[in-house]
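Below: one structure, written as structure tokens.
The values are calculated or read from the model by the stated rules, or taken from the named source; none is laboratory data. What you are looking at is a predicted structure, and each value in this text was computed from that prediction instead of being measured. Cβ placement follows ideal geometry from the backbone for every residue including glycine, while neighbour counts extend to all protein chains displayed.
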Amino acid sequence: MAVLVCVAFTPAINRAYAQGVTTASMTGLVRDAQGAVIPGAAVAAIHEPSGTRYETISQSDGRFFIPGMRVGGPYRVSASVSGFSTEVKENVSLSLGVAQDLDFTLKVAA
């Protein structure tokens, strides 16, 4: 009887694994023109077809991570922080299960 129960649940487990990863993510580094990391920068990614907006803040080491993003694109991604000009990257595409690496170099605002 125990063997029958285990076999009965096997197809359900296989379906669960098949549905695994359904999103993409974005990671990167925000620096200034001299190469110093910029903590506290706002990073925003907009999935242009749907208008879905994803946001995060760069950490103390300048790195950022945005999980659970829609696959495809195009995305419009920007990084900004007080005292620096905003940098924008257009036409960014994301692949299923892949962390897209995207770095920003911000210039001091005039």
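Report every pair of residues separated by at least 6 positions or lying on different chains whose Cβ atoms are under 6 Å apart, first residue within the stretch 55-79 and farther than 15 Å from Ala99 by Cβ, second of a type outside the set (A, V, I, L, M) and at pLDDT below 95.
none
Working only within the stretch 74-98, note down all residues that are modelled with pLDDT of 95 or more and either under 14 Å from Ala24 (Cα atoms) or in contact with a helix residue (DSSP H, G or I) (Cβ under 7 Å, 6 or more places away or on another chain) (or both).
Listed by number, the residues that qualify are Pro74, Tyr75, Val92, Ser93, Leu94, Ser95, Leu96.
Okay, residues lined up against (1) buried (at least 19 other Cβ atoms within 10 Å of the Cβ); (2) out of contact with any strand residue (DSSP E or B) (no Cβ under 7 Å at 6 or more places or on another chain):
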| site | (1), (2) |
| --- | --- |
| Gly28 | yes, no |
| Gly35 | no, yes |
| Pro49 | no, yes |
| Gly83 | no, no |
| Leu94 | yes, no |
| Gln100 | yes, no |
| Leu106 | yes, no |
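Criterion first (surrounded by 17 or more Cβ atoms within 10 Å (Cβ to Cβ) and polar (S, T, N, Q)) does Ser58 satisfy it? It would help to see each step written out before you state the result.
Working: surrounded by 17 or more Cβ atoms within 10 Å (Cβ to Cβ): yes; polar (S, T, N, Q): yes.
Taking the combined requirement at face value, the residue satisfies it.
Taking the stretch 1-41, which residues are more than 25 Å from Gly83 (Cα to Cα) and either modelled with pLDDT of 65 or more or not in a helix (DSSP H, G or I) (or both)?
The answer is Met1, Gln19, Gly20, Val21, Thr22, Thr23, Ala24, Ser25.
Since Ile66 meets every condition but one in (1) of a type in the set (A, V, I, L, M, F, W, C); (2) surrounded by fewer than 16 Cβ atoms within 10 Å (Cβ to Cβ); (3) assigned to a strand (DSSP E or B), which condition does it not meet?
(2)
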